[in-house]
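Laboratory data are not the source of any read-out in this text; all were calculated from the coordinates shown. None of these values were measured; they are calculated from a predicted model. Cβ atoms come from the backbone with ideal geometry, glycine included; neighbour counts cover every protein chain shown.
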Amino acid sequence: MGPTLVIPLNHIFSFLQVDPVPSTSHRHDIVIHPPSFGVPWPTTFPAARQCRYWKLAILACEELVRDMRALRTQTNKRLPDWFSQSNAADPTSNHKERLLVDTSVSAAIYMAPNSAPERIQIIAQLFLLLWTHDVVDSIMQDLLSLSRKEKPGATLEMVPSLTFGSELLDDCHGLLRVVLAHFCTWVCFTREQQRTNFGDLRDYLDYRASDIAADTVSSCVRWGNRLDLQTAELASVQEVVNLAMDHIILVNDLFSFNREKNAAVEEGALFLNAVHYLEGVLGVHSPLAKDLTMQLVWDFESKVTAKIRHLRQCDRQYSAQWRYLDAMVEAAAGNLFFSLTSVRYGAKRHD
Ligand SMILES: [Mg+2]
């Protein structure tokens, strides 16, 4: 990667570094200054944020892993080979299960930092299912029924750690049902033949948005923040939400490039990655393609800045839409911190 630029902090993003007032109950997060952990921070985001309830999220994901093992025994469901064969209570006994739990929890607590305890647990569990969707078949019908309001809130019979209380399901006009509907749509997408050719970068990013479960992630961000937005309100900010998602995709691709390249070479895995795409269309080597990807990340940050500034000039009243855009910036900043520190992507852990 090229030299780290000195980038002036942008005040549109300054809320990221504001410490929550301890007495307020509507904030559930703390500020993280990555350089203080020795993490390089090549961005105009002045900080990232982290949900306070990471221990609860870990417990919820560990329970889910135990349920998935039990599900295999009950239904002969095939799990990835690395899932523990034993029913040991402690998922930490298996390195890859531990990694799955840590990765899911990190992504959730950094990308949806302002989520109350009962919400961050479900978000972390859904993120875990995004990484192990092979096992979702057994519970798809239940998830679909919940999303279609055909079923009241319930604990899923086959996976007791997944509990969707009716209070949570009906809150914000059923926003959690919207999250589950997006999740099911994504599972169906993963069952389709994957594309490998793209007309241009926009075409690639649009396809990758489906692949990365963009609608599931952005609806989780709204649900975590209890943002009950109507269709017209959503439409008015969708462009900025999409820009934040482009940022999330490019950052994810940039920092997982080496791991994914190895998987493509050694296992023939599908190589859906922006750096790889740019290498191919421009006929350049990966160092330049990585530099270009980083430049694109900064370009998307300046576009988000300009769009948010414009929207605020048009509508000066602080609203749920404002908060949604801030929450998507939190998600993008959190995704960058997650990508830079995730063991999954080859970085060292910062405990
Ligand atoms: Mg990736």
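General observations
- The residues listed here are Ala232, Ala209; of these, the one that is without any contact (Cβ under 8 Å) to a residue 60 or more places away in the chain, among the hydrophobic types (A, V, I, L, M, F, W, C), more than 23 Å from Val65 (Cβ to Cβ) and within 16 Å of the ligand (Cβ to nearest atom) is Ala209.
- Residue that is free of Cβ contacts under 8 Å to residues at least 24 places away in the same chain and either closer than 25 Å to Ala244 by Cβ or surrounded by fewer than 17 Cβ atoms within 10 Å (Cβ to Cβ) (or both), where the choices are Glu118, Glu157: Glu157
- Scanning the range 262-281 for residues that are within 11 Å of the ligand (Cβ to nearest atom), part of a helix (DSSP H, G or I) and not hydrophobic (A, V, I, L, M, F, W, C) gives a single hit, His276.
- Taking first residues from the range 235-264 that are within 21 Å of Trp298 (Cβ to Cβ) and partners that are within 11 Å of the ligand (Cβ to nearest atom) and of a type in the set (Asp, Glu), the Cβ contacts under 9 Å between residues at least 6 apart in sequence or on separate chains come to Ile249/Asp211; Asp253/Glu260.
- Options Leu162, Leu146, Leu176, Leu128; residue that is under 20 Å from Arg66 (Cβ atoms), surrounded by 19 or more Cβ atoms within 10 Å (Cβ to Cβ) and either charged (D, E, K, R) or touching a strand residue (DSSP E or B) at 6+ places or on another chain (Cβ under 9 Å) (or both): Leu162
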